[in-house]
Each structure stands twice: as C-alpha cells, then as structure tokens.
1. Give the residues of segment 366-392 that are touching an Asp or Glu at 6+ places or on another chain (Cβ under 9 Å) and among the aliphatic types (A, V, I, L, M), sorted by residue number.
2. Report yes if some residue within segment 416-428 is acidic (Asp, Glu), closer than 25 Å to TYR241 by Cα and away from the ligand (no atom under 16 Å from the Cβ); otherwise report no.
3. Output the residues belonging to segment 359-370 that are buried (at least 16 other Cβ atoms within 10 Å of the Cβ), in a helix (DSSP H, G or I) and of a type in the set (A, V, I, L, M, F, W, C).
4. Is it true that some residue in segment 384-401 is within 16 Å of the ligand (Cβ to nearest atom) and open to solvent by 50 Å² or more (accessible area, probe 1.4 Å)?
5. Is there any pair linking a residue in segment 451-468 that is open to solvent by less than 20 Å² (accessible area, probe 1.4 Å) to one that is assigned to a helix (DSSP H, G or I) and among the polar types (S, T, N, Q), with Cβ under 9 Å and at least six apart or on different chains, and which?
6. Could you please let me know if LYS431 is within 15 Å of ASN294 (Cα to Cα) and either surrounded by fewer than 24 Cβ atoms within 10 Å (Cβ to Cβ) or touching a His at 6+ places or on another chain (Cβ under 9 Å) (or both)?
7. I'd like the residue in segment 133-147 that is among the small types (Gly, Ala, Ser) and part of a loop (DSSP other than H, G, I, E, B) and, out of all such residues, is least open to solvent (accessible area, probe 1.4 Å).
8. Which members of segment 260-285 meet the condition of being among the small types (Gly, Ala, Ser) and away from the ligand (no atom under 16 Å from the Cβ)?
Amino acid sequence: MKYISTRGNYEGVSAAEAIRLGMVPEGGLFVPETVPAFSRDEIYQMNELKYQEIAYQILEKFLTDYSQEELKEVIDAAYNENSFVDQDIAPVVKLDDNLYILELWHGPTAAFKDMALQILPHLLVKAINKSDSDKEVVILVATSGDTGKAALEGFKDVDGIKIIVFYPDDGVSKVQEAQMLTTEGDNTTVVSVKGNFDDCQSAVKEIFADKEFNNLINHNNYQFSSANSINWGRLVPQIIYYFSTYAYLLRDERISKGEKINISVPTGNFGNILAAYYASQMGLAVNKFICASNTNKVLTDFLNTGIYDINRDFHKTISPSMDILISSNLERFLFEMTGHDTDKINQWYKDLKETGKFEVDEATRKKIQGLFVGEWTTEEETKDIITEVFKEYDYTLDTHTAVGVDSYQKYVAETRDNTITIIDSTANPYKFSKSVLEALEGDVAEENEFKILKKLNEVTGLEIHRGLRGLEEKEIRHNRNCNTTAIKAEVKDILGI
Ligand SMILES: *Cc1c(COP(=O)(O)O)cnc(C)c1O
C-alpha cells in the first residue's frame with residue numbers, strides 16, 4: 001500500500017518510508033491511498049482473538065511492506081506482560097448498561113500515549129533497516145508532559161536511535177518531571193528549557209525545517225525523525241484498540257453482532273479520534289463519534305459551525321494534554337471528508353497560516369456533522385463529573401477522561417441517544433493526582449505531589465500505577481537545562497558535533 005500526501009505535493013511512498021520520514025518533507029501528512037476494510041465475519045471472529053492477534057490483523061492491512069515475521073516481532077516487543085500489565089492490554093470496564101470505559105493507560109507511563117509509543121520505535125527500526133540510509137536516527141521531542149515520558153520509555157536502549165526530549169521547566173507537573181528525569185537507557189537525554197511549551201515546540205520545529213543544520217547532522221551520520229502523532233506510525237497502532245474493544249464487548253456478550261456503538265474521545269491533536277474514524281471506515285459499526293474538548297474548544301466550534309478559528313485565548317486547564325489549538329490530525333480527517341480534495345486542503349491550510357482560520361464548504365460540513373458531534377466541558381464540570389462518577393460507580397476518572405464522560409452526558413441530554421457508548425480513558429488518575437484529589441476533597445493545601453499521590457490512594461483505595469510508584473526515591477539521571485534560544489546548540493553538544 002502506498003502513502004500519499006494530504007497536500008498532493010509528494011510521490012507515494014511505502015509505509016516504512018512514511019514512518020521513517022515522520023511527515024511529508026514539503027509540508028502535509030502521509031495518509032493511506034485507500035483505507036483497507038474487513039468483512040463482517042472477520043470482525044466478528046476477532047472476539048476469539050487476543051489483543052496481539054487483533055493487532056496483527058490491522059497492521060498487516062496497512063504496513064504491507066513489513067513481513068509477517070517483522071510484524072509479529074514488533075507486536076510481541078510492544079504488547080507483552082512486562083509492558084502492559086492487564087491481559088486485555090486495553091481493558092473495557094463497565095460503568096452501566098450503556099456506558100463503558102476503555103482504559104488505555106496500562107502501559108509503563110500511565111498515559112494512552114504508550115499504546116502507540118511502545119510499538120513505534122520497533123516499527124521505526126525496521127523502517128530504517130529497509131531504507132538504504134545508514135545514518136543514526138535522532139528523535140527530537142518537545143513535550144508538555146505525557147508524550148516525553150512515553151517516547152523515552154519506548155525508545156530507551158533501542159539500537160541505532162537516540163532520543164532527546166525538551167520540556168518547559170515550569171510547564172509540567174512534578175510527577176511528570178520526575179518520570180522523565182529518572183529515565184534509564186544510554187541513548188536518552190532530557191533537557192529542561194526555560195520557557196513555555198510553545199517555545200520548545202517552535203524551536204524543535206525550526207530544527208526540523210533548518211536545511212543547513214540538517215546537512216550538518218547528515219554529514220555527521222545522523223538524521224532526525226519525529227515521535228509525535230503527525231507520524232503515521234503513531235496513528236496506526238491506535239486503530240487496533242477500537243477493534244479489540246468491539247471484540248471484547250462481543251466476547252463478554254455486552255453487544256450483539258453488528259450492533260453500533262458510540263465512541264467519546266477526549267481530544268487534543270485529533271489523533272485518537274481519527275483512529276476511531278479509520279476503524280469505522282474499515283468496517284467497525286460506529287453510530288456517533290463524540291469529540292470532547294476542554295475550555296480550548298476550537299474543535300467543538302469547528303464541528304458546530306464549519307469554521308476552524310485559532311484566534312482566541314489559550315487556556316491552561318486541569319486537562320493539560322488537551323490544551324491545544326492546532327489539532328494536526330484534523331488535516332487527515334478533512335482529506336478523507338473531501339474525498340481526497342488536495343486543492344481544498346491546500347487552500348484551507350494556507351488560510352489557517354495567513355489568517356488563523358478557515359471555513360469548510362457546506363457539503364463537507366454536513367458530511368462531518370452526520371458523523372461527529374462536538375461537546376465541551378468547563379473546569380468546574382470536569383471536577384463535578386469526577387465526584388459524580390466516584391460516588392455513583394466507585395470509579396476514579398482522571399481529568400481528561402472526565403471531559404469525555406461529561407461531553408457524553410451532554411450529548412445524551414440533547415439527543416436521548418441510548419446507544420452503548422465507549423469513553424476513551426486516556427490517563428490513569430494518579431498522573432493528575434492533585435486535580436483529581438481536589439475534585440473529590442476540595443482545595444488541597446499540600447504542595448508535595450508525592451504526598452498528594454498517597455493521599456489520593458487513601459481516598460480512592462485505587463492501586464497506585466506502577467509507573468508512578470516510588471518515583472521520589474529513584475535516581476535523577478538527567479540534569480541538562482538551557483534557554484529556548486540555545487536548543488540548537490544543545491542538540492549539537494549532545495551529539496558531539
Ligand atoms: C495526548 C493526550 C490526549 C489527546 O489525544 P489526541 O490524540 O492528541 O487527541 C488526551 N488525554 C491525554 C491524557 C493525553 O496524553
């Protein structure tokens with residue numbers, strides 16, 4: 001299968017090449033030329049399969065230039081009893097007859113990013129081996145918290161790859177910082193940056209686009225690549241858990257064959273919900289996609305009006321992994337919704353760059369509205385729903401998942417739709433202990449985040465996620481820091497060039 005550019009500006013490439021390049025060098029994102037499909041029987045038979053076997057069926061359809069052995073190898077390396085403690089890998093938990101939580105945080109770092117970042121490094125190594133390049137790959141990551149640690153865990157000690165993570169020194173929680181600074185592995189570097197996340201992200205993007213600097217590192221036998229969700233290799237593993245969810249619901253006799261489900265996704269970069277859409281294109285029975293946002297509700301407004309407008313205030317919220325105004329993967333979705341109309345995509349993204357907004361045509365808007373609903377949740381509502389769900393079901397939501405549940409409830413109030421609904425749970429509650437504890441107990445005076453973790457444990461009785469246990473006693477292994485203007489020099493220094 002070939003991968004083409006959403007902007008029609010690049011020749012078709014293999015899956016391995018799309019993964020190695022990360023994004024289209026001329027701008028735009030790689031997408032499959034056609035979306036492969038399963039027969040109904042193939043989908044129904046998945047209820048007898050394990051997660052790893054379902055993973056194989058999906059990856060085989062998209063990554064046609066990887067051999068059977070290669071796929072089995074990468075799947076075993078990514079999804080095993082060491083990396084994911086639950087046998088189902090992504091277990092589905094029942095809240096009530098219509099409402100299920102898809103827990104995507106059983107991986108090493110307690111956030112859903114592990115679902116893709118445990119496998120991406122292995123896919124990338126194979127992709128490098130298939131290319132004729134012998135250069136060592138350097139993964140540059142700018143993170144506001146979750147991606148950094150998940151990428152570090154995925155890439156640590158992977159041969160032929162170095163990873164450098166930049167994070168804003170006052171933009172991540174103490175727990176997130178401790179997770180990153182205690183990372184082991186000879187090929188990992190973590191740098192704290194004096195600045196905010198946008199500064200880090202812009203500096204890293206500039207490095208990717210800096211031809212001269214790329215030439216310099218190429219000369220020193222290095223090449224850059226990316227581990228964020230613009231890379232197709234991060235998106236395709238996310239399709240797997242929508243099929244496994246349907247299979248588990250069938251296996252446990254919660255739904256009947258062919259029954260449609262709703263999927264509610266707390267959304268930031270639009271990667272997770274886009275993977276759900278691809279699953280439906282492949283034959284999964286989906287009724288509605290509920291796109292759940294926090295106060296940064298640029299997507300809610302887009303789904304309601306057809307206008308995508310980032311000319312607005314940016315809010316720092318208690319669901320920080322969704323504090324995003326430019327949702328990169330929306331471009332892939334619009335490519336599908338317009339029937340691969342690259343002229344429209346080019347025009348809209350030119351408008352976005354020049355004016356900070358674009359408006360889709362009426363036909364496209366109506367098509368989108370037939371499938372997707374946009375809802376959003378305030379900070380107060382986020383806390384309220386955490387309390388409500390804890391009281392009613394004795395289940396602890398993290399702040400992001402809470403947005404997914406609240407948005408779902410708003411949707412039900414408006415439509416009375418009683419279709420069985422899956423809420424994607426994107427983080428373990430301990431990852432955002434302070435906000436969760438405040439939701440349950442009111443203001444928290446305690447400053448020490450490790451003590452807050454223990455307090456939350458006392459209140460909820462929920463076991464502390466293994467990736468967050470004993471963090472304060474772990475050895476700090478990284479102590480680099482720099483100014484935003486010095487990020488390039490820092491990269492040079494780390495690579496010794
Ligand atoms: C990354 C992240 C999200 C947003 O996912 P997208 O694929 O970017 O839409 C939501 N919740 C958590 C906890 C995350 O880490």
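The values are calculated or read from the model by the stated rules, or taken from the named source; none is laboratory data. Predicted model, so just to flag it, every value in this text is computed and none were measured. Cβ atoms come from the backbone with ideal geometry, glycine included; neighbour counts cover every protein chain shown. Note: accessible area is taken over every heavy atom of the protein model, side chains too, but ligands, DNA and RNA are not part of it. Shrake-Rupley method; radii C 1.70, N 1.55, O 1.52, S 1.80 Å.
1. VAL373, ILE385, ILE386, listed by residue number.
2. At the first step, the residues of segment 416-428 found to be acidic (Asp, Glu) are 417, 424.
This time we only want the ones that are closer than 25 Å to TYR241 by Cα, so: 417, 424.
In the following step, the residues that additionally are away from the ligand (no atom under 16 Å from the Cβ) were identified as 417.
Scanning segment 416-428 turns up at least one residue that is acidic (Asp, Glu), closer than 25 Å to TYR241 by Cα and away from the ligand (no atom under 16 Å from the Cβ).
3. ILE368
4. Taking segment 384-401 first, the residues within 16 Å of the ligand (Cβ to nearest atom) are 385-386, 396-401.
Okay, now just the ones that are also open to solvent by 50 Å² or more (accessible area, probe 1.4 Å), so none.
Taking every residue of segment 384-401 in turn, none turns out to be within 16 Å of the ligand (Cβ to nearest atom) and open to solvent by 50 Å² or more (accessible area, probe 1.4 Å).
5. ILE452/SER433; LEU453/SER433; LEU456/SER433; GLY467/GLN179; LEU468/GLN179; LEU468/SER433
6. On the way: within 15 Å of ASN294 (Cα to Cα): no; either surrounded by fewer than 24 Cβ atoms within 10 Å (Cβ to Cβ) or touching a His at 6+ places or on another chain (Cβ under 9 Å) (or both): yes.
So LYS431 does not fit the description; no.
7. Just the residues of segment 133-147 that are among the small types (Gly, Ala, Ser), to begin with: 133, 142, 144-145.
If we keep only those that are part of a loop (DSSP other than H, G, I, E, B) too, we end up with 133, 144-145.
On the way: SER133: 29, SER144: 46, GLY145: 1 Å².
It comes out as GLY145.
8. Let us first name the residues in segment 260-285 that are among the small types (Gly, Ala, Ser), namely 264, 268, 271, 275-276, 279-280, 283, 285.
Once the filter is applied, which keeps residues that are among the small types (Gly, Ala, Ser) and away from the ligand (no atom under 16 Å from the Cβ), segment 260-285 yields SER280, GLY283, ALA285.
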